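Comments concern the structure below.
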Amino acid sequence: TQLFNEKNYDESLTLLQQFLEKNPQAYQIHILIGDCYREKGDLDKAIESYNKAIEEAKKDEKMGKEITAKALAAIGNCYINKGDFETAQSFFKQSIDTFPENEALAYNVGEIYFSSQKLDEAIQYFTIATQIKPDWPPPYYKLGLVYLNKADYEKAKECLKKFIELEPESELAVQVKNILDYLEKIKK
């Protein structure tokens, strides 16, 4: 993980592959291997690795659904990088359908779309995250930012106020309050 975070993907790949050889039952490592290939720009190898995780997850009654969902979302991310948003959307939908109780998964898909400036899709997935876990603040914050980007200030305020309601004392809350103050001023 440290090597990955330092963007030393080749070394990270070597260690992950060595670990997998010694511990073939730790099939979840295929996701990390796929992440390395994705960051290196080898999207086909990344997808191949994610598919290996999906195949192995079929044998895992305990964590199989969650690993499958993560791998499907990762494949969707690869298709975003390829510029194929329609295929990406299909994989993201499969991911959420596979493990619908995971709010973080929906949130992460929203993040991918937001960073790609696919704002309507980002709204869709951040909203799913709020539906799965209504008392979790981060998706409300992100929804507020997406609506700001769309110049829908009323919806932005609504989401940001919900964030403040849920997380009034965080460092981020100060920033959000400043945004809300600004939105009140431009309204006048």
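The values are calculated or read from the model by the stated rules, or taken from the named source; none is laboratory data. The structure displayed is predicted, hence computed values, not measured ones. Cβ sites come from the backbone with ideal geometry, for glycine too, and all protein chains shown count toward neighbours. Ligands, DNA and RNA are stripped out before the accessible areas are found, and what is left, the full protein with its side chains, is counted by its heavy atoms. Shrake-Rupley method; radii C 1.70, N 1.55, O 1.52, S 1.80 Å.
Residue-wise test of (1) among the polar types (S, T, N, Q); (2) within 30 Å of Leu148 (Cα to Cα).
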| position | (1), (2) |
| --- | --- |
| Tyr50 | no, no |
| Asp84 | no, yes |
| Ser95 | yes, yes |
| Ala104 | no, yes |
| Phe114 | no, yes |
| Asp120 | no, yes |
| Lys133 | no, yes |
| Trp136 | no, yes |
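For the range 117-149, the set of residues classified as farther than 29 Å from Met63 by Cβ and assigned to a loop (DSSP other than H, G, I, E, B) consists of Gln117, Lys118, listed by residue number. I'd like the full set of residues that are open to solvent by 30 Å² or more (accessible area, probe 1.4 Å) and among the polar types (S, T, N, Q), limited to the range 103-149. Within the range 103-149, Asn108, Ser115, Ser116, Gln117, Gln124, Thr127, Gln131, Asn149 qualify. So, Glu11, is that one more than 20 Å from the chain's Cα centre (by Cα) and among the acidic types (Asp, Glu) or not? Considered against the rule, which asks whether it is more than 20 Å from the chain's Cα centre (by Cα) and among the acidic types (Asp, Glu), Glu11 comes out as yes.
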